[in-house]
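Undergrad: Below: one structure in structure tokens.
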Amino acid sequence: MAIERVGVIGGGLMGSGIAEVCGRVGSDVVVHEINAETAEAALGRIHKSLARAVERQKLDEAGRDEILGRISVSTDLAEQTDRQLVIEAATENEDLKKQLFRDLDEILTDDNAILASNTSSIPITRLGAVTKRPESVVGLHFFNPVPVMALVELVTTVKTSDSVSAEARAYAESLGKTVIAAKDRAGFIVNMLLVPYMLAAVRMYEAGVASAEDIDTGMKLGANHPMGPLELTDFVGLDTTKFVADVLFDEFKEPFYASPPLLTRMVEAGLLGRKSGEGFYKYG
Ligand code: CAA
Ligand code: NAD
């Protein structure tokens, strides 16, 4: 089955990027958002990212308009009915994702439609288990910023069929991404390694070992990372980082996955990083 009609659930940091890369390869994309305001914000993010590509002469204006012509944003889940692949990229919350998977399973008319989640950490098996099509459920984990990052993790469960796994891989590869395969364990490959490192940096900062700037400069210049760990936590979102830490801790019970009190307090205070204007740093 050639995948031509794609749905993206949630048009936040990740969903808007996923919609863009799918639109770029010619897919017809419908993004689902919760209300008019978040729908407009999602479209705004896609416009901004494409404007950046035009500015950098990576795309001409006609190309931008063609891509935009293939992407629509809706607040009506029924507009997902005819999708062949739906990539869920809503807030990292298990109950929310389960409800979306139940609803999507009910309304998708194509029995072979694939339901994928971009979750950073939640086991895909749990999402498949609430549907009547667990063989068609996979994880397709993109990285932020989606148009730039070359990786997608393909997560299959004990129920995922080989043909669905192959189709999901082929579609992710058609987006120009390198696909790595992971078993269904919280955090998959990258976040199982990356998140404890980010949490360790928060603990180091909380303990007063060094300033945020010096911790970040240390890892940028001392280990050649493009961003330091606190800058990266701001970039990912402190809320998302905490959700992921909680899921990892719940799965493995290892102290290095536990959310440091400072991270928890910052999330409670609405300091979510770049997306809220302040995290470990302030943004204009
Ligand atoms: N959208 C689209 N394109 C973007 C972009 C965005 N949000 N941000 C940057 N770019 C593009 C720029 O257009 C530019 O492209 P060209 O070189 O083709 O012109 C390129 O990326 C570099 O951008 P800049 O020169 O403006 O900035 P930079 O060199 O500082 O790079 C960065 C920005 C790519 C984000 C870099 O800092 C980086 O790689 N940071 C680390 C990102 C990372 O680790 N992501 C993974 C997070 S963890 C995750 O995603 C998993 C999870 O589940 C939490
Ligand atoms: P975000 O907060 O930027 O966006 C989430 C979006 O989901 C919001 O726009 C919100 O309005 C929308 N949403 C919430 N409930 C919804 C519903 N019922 N229907 C439709 N839309 C709904 O979060 P994000 O960073 O884009 O993360 C989204 C998913 O991607 C999460 O599962 C996260 O773990 C994962 N992820 C995040 C990153 C990252 O670096 N931020 C990287 C990889 C994967």
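Undergrad: Output the antiparallel fraction of DSSP beta bridges having both residues in the range 5-183, as a percent to the nearest 5.
TA: 15
Undergrad: OK, next. FRET efficiency for N112 and Y197, Cβ-Cβ distance as r, R0 = 30 Å, nearest 0.05? Please report the intermediate quantities before stating the final value.
TA: Values: r = 39 Å, r/R0 = 1.31.
The formula returns an efficiency of 0.15 here.
Undergrad: Taking H placed 1.01 Å from N in the peptide plane, check which residues at least 5 places from I114 or on another chain put their amide H under 5 Å from its amide H.
TA: L85, V86
Undergrad: Counting only protein chains, not ligands or nucleic acids, how are K98, K282 ordered by accessible area (probe 1.4 Å), most first?
TA: Sorted by accessible area, descending: K282, K98.
Undergrad: Here is a further query. Averaged per residue, what accessible area in Å² does the range 23-169 show with a 1.4 Å probe, protein chains only?
TA: Value returned for the range 23-169: 47 Å² of accessible area per residue.
Undergrad: Another question, if that's okay. For the range 192-268, divide the Cα radius of gyration by the Kirkwood radius and give the resulting Rg/Rh value with two decimals.
TA: Values: Rg = 11.9 Å, Rh = 12.5 Å.
In the range 192-268, Rg relative to Rh is 0.95.
Undergrad: Let me ask something additional. Provide the gained length on full extension for the span V54 to A2, in nm with one decimal, where the gain is 0.36 nm per separating residue minus the Cα-Cα distance.
TA: Working: separation 52, 0.36 × 52 = 18.72 nm, distance 2.90 nm.
Full-extension gain reported as 15.8 nm.
Undergrad: At a Förster distance of 30 Å, what's the computed FRET efficiency of A62 paired with D95, Cβ-Cβ distance as r, to 0.05?
TA: 0.10
Undergrad: Can you bin every Cα-Cα distance in the range 80-140 into 5 Å intervals starting at zero and give me the percent of pairs per bin, rounded to whole numbers?
TA: All Cα pairs considered, the percentages come to 4, 22, 36, 26, 10, 2.
Undergrad: Return one number: the angle in degrees, 0 to 90 and rounded to the nearest 10, between the long axis of the Cα atoms of helix 61-70 and the longest principal axis of the Cα atoms of the chain.
TA: 70
Undergrad: Here's another thing I want to ask about it. About its Cα centre, what dipole magnitude does the range 192-268 give when the only charges are +1 on Lys and Arg Cβ and -1 on Asp and Glu Cβ, stated in debye to the nearest 20?
TA: 140
Undergrad: Can you tell me the Rg and Dmax of the range 5-183, counting just the alpha carbons, in angstroms?
TA: 15.2, 46
Undergrad: Any idea what angle helix 94-107 forms with the longest principal axis of the chain, computed on alpha-carbon atoms, 0 to 90 degrees, nearest 10?
TA: The angle comes out near 10 degrees.
Undergrad: Something else about it: In whole percent, how big is the carbon plus sulfur part of the accessible area of the chain, probe 1.4 Å, protein atoms only?
TA: Here carbon and sulfur together make up 53 percent of the probe-accessible area.
Undergrad: Say each of I180 and S72 gets a label point 7 Å from the Cα, pointing the same way as Cα to Cβ; how far apart are those two points in nm?
TA: That separation, rounded to one decimal, is 3.8 nm.
Undergrad: Might you tell me the accessible area per residue for the range 192-268, computed with a 1.4 Å probe and given in Å²? Please list the in-between numbers first.
TA: Working: 3770 Å² over 77 residues.
Ligands and nucleic acids excluded, the figure is 49 Å² per residue.
The values are calculated or read from the model by the stated rules, or taken from the named source; none is laboratory data. It should be emphasised that the depicted structure is a prediction, and the values quoted were computed from it without experimental measurement. Ideal geometry is used to build each Cβ from the backbone, glycine not excepted, and the neighbour counts take in all protein chains shown. In case anyone asks, the SASA skips ligands and DNA or RNA and just uses the protein heavy atoms, side chains included. Shrake-Rupley method; radii C 1.70, N 1.55, O 1.52, S 1.80 Å.
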